[in-house]
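As structure tokens, the structure follows; a few thoughts come after it.
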Amino acid sequence: MSSAETYVTAAYLVVLAVVLAYLVIYAFKLSRLEREVGELAELARRKREAPEPEPEPDREEVAG
Amino acid sequence: MGISLAFYWVPDAPIEGFRQRIFYIHVPIALTAYACFFWAAWKALRLLWTRDERYDLESYTAVHMGVIFGILTLVTGSIWARTSWGVWWTWSERQLVLFLVLFLFYSAYFMLRFSVEPGPRRARMSAVYALFGVVLIPVSFLAIRLAEGLIHPVVFDRDVGENLAGSQLLTFVICLAGTLALAGSLYLNELTGKRLDARLAELREALS
């Protein structure tokens, strides 16, 4: 392989490597988002299942 | 497909020889970087015009993509310079220096953005900055035509028909279309991810 061929191939490989690196970083970001969605869904489920607090008695009734 | 055509179909250029094949990746990437910065400026203008903050995220994502393609432009251009001129970089070429200035200008966009609290003020400041940057693009693009000590090759001039054979032009157009499509899909993915991130933060705040 000549010097020019080596450099041209290197240029194309650099582009390919950067695009692949970007996709790997994006895959990590997607898995983080998925984990966060799971945590929020769990939080929402716990809130729904927790007993509702007793309503405060009416002040007039307490006074009477 | 564009890469296959560039390597196996197009003939060697008369002066540049085999190394001219970098042109099919370097120029489309540079044009895509310009397109991303133009897109960022357009979204910034719409933000300033309508005060709609969703354009802020779109402008930011376009700058993000433009900077990635800007890095690739500098790297592939540097490799071409090494094989053609024998050096990785030269400060005497205005086209290179102006592109570097453009790249550093947009890299500083992130420093500005992350040094201000999120909100309408940050959105407006980022939009004004993105609009200022777009002024540098025509200067950078025309630099090779205005330069006196010209060593950077000019392919797209009045004699484009003589500079490029039919197979070379077709390969270039395919590579440009592919690079723009890649940038478009990366932009949409990144924008969706950033929007999802913002909405998750809102949801977390509402639930806590």
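The table that follows gives values for the structure above.
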read-out	value
Residue order, fewest to most surrounding Cβ atoms within 10 angstrom, among B:Ile25, B:Ile71, B:Ile79	B:Ile71, B:Ile79, B:Ile25
Order of B:Thr179, B:Thr83, B:Thr50 - criterion: other Cβ atoms within 10 Å of each residue's Cβ, fewest first	B:Thr50, B:Thr83, B:Thr179
Separation in nanometres of the label points that stand 7 Å from Cα toward Cβ, at B:Arg51 and A:Glu39	3.5 nm
Computed E for B:Trp91/B:Leu207 - FRET, C-beta separation, R0 51 angstrom, nearest 0.05	0.40
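Bear in mind that the values in this text are calculations on the coordinates, not laboratory data. Not measured: the values here are computed from a predicted model. No Cβ is skipped: glycine too gets one built from the backbone with ideal geometry, and neighbour counts run over all protein chains shown.
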